[in-house]
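To start, the structure under review is shown below, and the notes come after it.
The values are calculated or read from the model by the stated rules, or taken from the named source; none is laboratory data. Only a predicted model underlies this, so the values are computations on that prediction, with no experimental measurement involved. Quick reminder, even Gly has a Cβ in these numbers, built from the backbone with ideal geometry, and neighbours come from all protein chains shown. Note: accessible area is taken over every heavy atom of the protein model, side chains too, but ligands, DNA and RNA are not part of it. Shrake-Rupley method; radii C 1.70, N 1.55, O 1.52, S 1.80 Å.
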Amino acid sequence: MDSRNCDTVTGPPVADLLPDTAAMAVKVVIVGGFGVGKTTMVGSVSEIRPLTTEETMTQAGVGVDDLAGIERKTSTTVAMDFGRISINAELVLYLFGTPGQERFWFLWNGLFEGALGAVVLVDTRRLEVSFEVIGRLEDRGVPFVVAVNTFPESPSHPTEDLRAALDLPVEVPIVACDARSRESSRDVLLALMHHLYNLSAQPAR
């Protein structure tokens, strides 16, 4: 074969290459109920072009996916979202967003393999969609923080009321965020890193 007639094979864009200074990579999973903003968060905070698996919602989902409170939603994640952010010159986070519908939760087993921690996104208009998600994390023993995504119509509740409603231990951080904002989403991830550090500094039981 004459290689001169072959298309030139190129690598990833320079902006997508892992920094030379990176010494540690950590896997973090973004979880939550259907329509709470997981894809939005991964897309807003990722320093590389995010991988998404969003598909247009069809009539097949009618009666299966609960659109109460999110009637304008037209697409949904069917596998995962993926992004990356450098916390500093040495620490890189790989972000994996999970699908929200229960029928896709069988994918969680692979997505959680090797994960150091998780962010649970919640929508105060529909707190009930977060109960099972949090229960699954607790069953797996995965440390997590809860990020309250501030939708324009979302009611505001005191942190302790949210903690009681979600039945969260006092040591689980609850932070407010706007998943559309890179800075706000970054701060959520920093809160998770601080939480993981604090857990690691505790004496072994």
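How many residues are of a type outside the set (Phe, Trp, Tyr) and either touching a Leu at 6+ places or on another chain (Cβ under 7 Å) or crowded, with 17+ Cβ neighbours inside 10 Å (or both) if we restrict to the range 144-165?
Count: 8.
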Quiz item: Looking at 137, 199, which is the one that is touching a Pro at 6+ places or on another chain (Cβ under 9 Å), modelled with pLDDT of 90 or more and either buried (at least 19 other Cβ atoms within 10 Å of the Cβ) or of a type in the set (D, E, K, R) (or both)?
Solution: 137
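Being more than 23 Å from residue 140 (Cβ to Cβ), part of a loop (DSSP other than H, G, I, E, B), β-branched (Val, Ile, Thr) and at pLDDT 80 or above is true for just one of 48, 70. Which residue is that?
On the way: 70 fails: at pLDDT 80 or above.
The match here is 48.
Just name the residue that is most open to solvent (accessible area, probe 1.4 Å) out of those in the range 1-45 that are of a type in the set (Ser, Thr, Tyr) and modelled with pLDDT of 80 or more.
The initial filter retains those residues of the range 1-45 that are of a type in the set (Ser, Thr, Tyr), namely 3, 8, 10, 21, 39-40, 44.
From what is left, the residues that are modelled with pLDDT of 80 or more are 39-40, 44.
On the way: 39: 32, 40: 64, 44: 26 Å².
Looking at residues that are of a type in the set (Ser, Thr, Tyr) and modelled with pLDDT of 80 or more, I get 40.
This table checks each residue for (1) over 24 Å from residue 82 (Cβ atoms); (2) more than 15 Å from the chain's Cα centre (by Cα); (3) hydrophobic (A, V, I, L, M, F, W, C).
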residue	(1), (2), (3)
115	no, no, yes
118	no, no, yes
122	no, no, yes
125	yes, yes, no
128	yes, yes, no
138	yes, yes, no
141	no, yes, no
144	no, no, yes
149	no, no, no
Quiz item: Would the range 116-130 turn up any residue that is of a type in the set (Gly, Ala, Ser), farther than 27 Å from residue 49 by Cα and crowded, with 19+ Cβ neighbours inside 10 Å?
Solution: yes
